[in-house]
């Protein structure tokens with residue numbers, strides 16, 4: 001008989017169910033149930049006060065023990081390693097300094113693993129640029145996608161001019177089909193007038 005069926009019979013017997021009722025529930029022969037009942041009675045008589053089950057029942061697994069966290073050999077040098085990483089130094093240079101300056105005896109891989117965890121926790125660094133009104137503009141000038149040239153059935157790539165104030169992010173945009181130094185200068189003149197500036201001031205600022 002399979003172990004789980006034996007466990008079911010033992011459980012029903014312990015709950016006070018009759019052999020006839022157990023046979024009806026489990027569809028197991030009554031002679032088999034009678035033999036299991038005798039086995040259970042024998043075990044209870046030899047071990048009073050101790051709950052028993054089938055002989056071949058698999059015991060429950062042991063609960064997992066507490067995990068052991070080993071301390072890295074680099075932990076005493078956390079401050080030094082962090083400072084070197086902020087200076088954008090590579091792992092090899094940091095390892096060599098640990099050996100030379102602190103007599104570090106662990107291997108390079110220990111430094112690599114430890115420094116890698118520090119880099120993973122380091123927030124992304126960025127610089128926020130702030131500008132006063134009218135202090136600076138950003139100019140983007142490049143080639144666009146193929147577009148139907150006005151008045152023809154041919155496609156050409158226009159030039160795109162975008163001038164953006166760094167403070168307010170207000171932009172001046174133009175599309176031109178012919179590029180030259182004169183076109184470049186006139187686009188700046190148009191952008192300057194669009195923003196309310198004077199052309200003279202612009203020329204002094206870019207020469």
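So if each residue of separation counts as 0.36 nm, and I subtract the Cα-Cα distance between residue 132 and residue 177, what length gain in nm does that give? Spell out each step's value before the answer.
Values: separation 45, 0.36 × 45 = 16.20 nm, distance 3.39 nm.
Separation in residues times 0.36 nm, less the Cα-Cα distance, equals 12.8 nm.
Please label the shape of the range 75-121 as rounded, prolate or oblate, based on the square roots a ≥ b ≥ c of the eigenvalues of the alpha-carbon gyration tensor (a/c under 1.5 means rounded; beyond that, a/b larger than b/c means prolate, else oblate).
Working: a/c = 1.58, a/b = 1.36, b/c = 1.16.
Prolate, since a/c reaches 1.5 and a/b exceeds b/c.
If you wrap the range 137-206 in the convex hull of its Cα atoms and look at it from every side, the mean projected area works out to 5.3 nm². Applying 1/(1 + (r/R0)^6) with R0 = 45 Å to the Cβ-Cβ distance of residue 83 and residue 170 gives a FRET efficiency near 0.60. Using the beta-carbon distance between residue 24 and residue 119 and R0 = 41 Å, what value does 1/(1 + (r/R0)^6) give for FRET efficiency, to the nearest 0.05? After rounding, the FRET efficiency stands at 0.05.
Among 171, 105, sorting on how many other beta-carbon atoms sit within 10 Å of each Cβ, with the fewest leading, yields 105, 171. Listing 161, 102, 195 from fewest to most neighbouring C-beta atoms within 10 Å gives 102, 195, 161. Computed over the range 3-46, the P(r) tail beyond 11 angstrom holds 61 percent of alpha carbon pairs.
The range 1-40 and the range 138-184 have Cα centres lying 89 Å from one another.
Values quoted throughout were computed directly from the atomic coordinates according to the rules given, and no laboratory measurement underlies them. Bear in mind that the values here come from a model prediction, so they are computed numbers and not experimental data. Glycine also receives a Cβ, built like all others from the backbone with ideal geometry; neighbour counts cover every protein chain displayed.
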